[in-house]
Amino acid sequence: MSYNIWHIMGMGEKVSEEIRNRRLAVCKECNYLTNQGKCHLCSCPVEKKTRFANQKCDAGLWPV
Ligand code: SF4
């Protein structure tokens with residue numbers, strides 16, 4: 001689900017700060033991360049995307 005859609009639908013359940021930080025650490029090393037802080041695969045801002053339980057990495061790179 002793209003960022004725009006889940007933003008409109010409501011932010012939803014959040015993951016723990018630990019999980020969020022683990023996800024974000026992967027994004028920050030990922031070749032798909034743009035200079036604008038968005039994932040090239042889904043166009044989501046990863047600072048937001050990593051917070052929500054209903055989100056997944058489209059490349060399957062997140063640990064959870
Ligand atoms: S969501 Fe996945 S593919 Fe996108 S920047 Fe993060 S780790 Fe990379």
Original post:
Can you name the residue in the range 33-53 that is outside any loop (DSSP other than H, G, I, E, B) and of a type outside the set (D, E, K, R) and, of all such residues, is surrounded by the most Cβ atoms within 10 Å (Cβ to Cβ)?
Top reply: Val46
Original post:
Among (1) at pLDDT 95 or above; (2) touching a Cys at 6+ places or on another chain (Cβ under 7 Å), which single condition is Ser2 missing?
Top reply: (1)
Original post:
Taking the range 10-54 as the search range and keeping residues that are near the ligand (Cβ under 8 Å from one of its atoms) and touching a residue at least 40 places away in the same chain (Cβ under 8 Å), which one is farthest from the chain's Cα centre (by Cα)?
Top reply: Cys42
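The values are calculated or read from the model by the stated rules, or taken from the named source; none is laboratory data. All values derive from a computational prediction rather than experimental measurement. Because the Cβ atoms are built from the backbone with ideal geometry, glycine has one as well, and the counts that use them run over all protein chains shown.
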